[in-house]
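Contents: one structure, followed by commentary.
The values are calculated or read from the model by the stated rules, or taken from the named source; none is laboratory data. Worth saying up front: this structure is predicted, and the values here are computed from it rather than measured. Heads up, the Cβs are rebuilt from the backbone with ideal geometry, glycines too, and the neighbour counts pull from every protein chain shown.
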Amino acid sequence: MRIVTGTATLCMFDPALLRHRLDDDCDWWSIPGAELAAVNAGQVAFFNVGGDGAYDLVLHAELAEPHVSVHLAVVSGRVFIGAGEDVTGGGLEPDTAYGGLFVDAPVGGCRVLARRDGGLISLAFVPDALSSNAFGDLVRI
C-alpha cells in the first residue's frame, strides 16, 4: 500500500473515536498541543515522517525492533491508516477514495508498532490492555 502525504504526517485512528472532531477545522491537529493531547488520549496515532511525499506501508502481525510504539484505543474494530490530512475534521471523515485503507484491529486497546526504513514504513497492531500514552513531544519516525 502506498500513502501520499502533503503534511509530512501519517495517521492511524478508529473513526468512531474522532467523530467529536467532525465539525472542527480540518487542520485542528496541526496545532502541536492538540495533536499531542489526541495522541496521549489514545484517539489517534500521528507519525511525523519529516517530509511530504509517498511512503510504502507494509502491515505485519508483529514487528521486531520498532522505532516507536503508540497505544491506541479501538471501539469499532476498524482503524483507518492514511495521510495526516485525511484525519476527521472540516466536516469530513476518512474514506479510501484518495488513498488510505481500513484495517481490522482488536477492540479495546492496541499498540501500533512502527519502523521506518527510508520510504518504507512497517506497521503492526498488537492487542494491549493500555489505550493511552504519556508522550512529552510529537511522535516522529
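Against the numbered list (1) surrounded by 15 or more Cβ atoms within 10 Å (Cβ to Cβ); (2) touching an Asp or Glu at 6+ places or on another chain (Cβ under 6 Å), L57 comes up short only at (2). On the basis of being among the acidic types (D, E) and not in a strand (DSSP E or B), does D56 make the cut? No, not satisfied.
State all residues of segment 14-72 that are under 13 Å from G82 (Cα atoms) and at pLDDT below 95; if no residue qualifies, say none. Within segment 14-72, no residue meets the criteria. For segment 86-102, a residue qualifies if it is among the hydroxyl-bearing types (S, T, Y) and either closer than 21 Å to E35 by Cα or in contact (Cβ under 8 Å) with a residue 40 or more places away in the chain (or both), and exactly one does: T88.
For beta carbons closer than 9 Å, sequence separation of 6+ or different chains, a first residue in segment 9-25 that is among the β-branched types (V, I, T) and a second that is in a loop (DSSP other than H, G, I, E, B), the qualifying pairs are T9/V49; T9/V87. Taken over segment 103-124, residues that are in contact (Cβ under 8 Å) with a residue 60 or more places away in the chain, under 15 Å from the mean Cα position of the chain (by Cα) and assigned to a strand (DSSP E or B) amount to 8. Can you find, within segment 84-105, the residue that is farthest from D25 (Cα to Cα) among those that are among the small types (G, A, S) and out of contact with any Ser or Thr (no Cβ under 8 Å at 6 or more places or on another chain)? The residue in question is A105. Taking into account only those residues within segment 1-41 that are in contact with a Gly (Cβ under 7 Å, 6 or more places away or on another chain) and over 20 Å from G51 (Cβ atoms), which is surrounded by the most Cβ atoms within 10 Å (Cβ to Cβ)? Within segment 1-41, the match that is surrounded by the most Cβ atoms within 10 Å (Cβ to Cβ) is R21.
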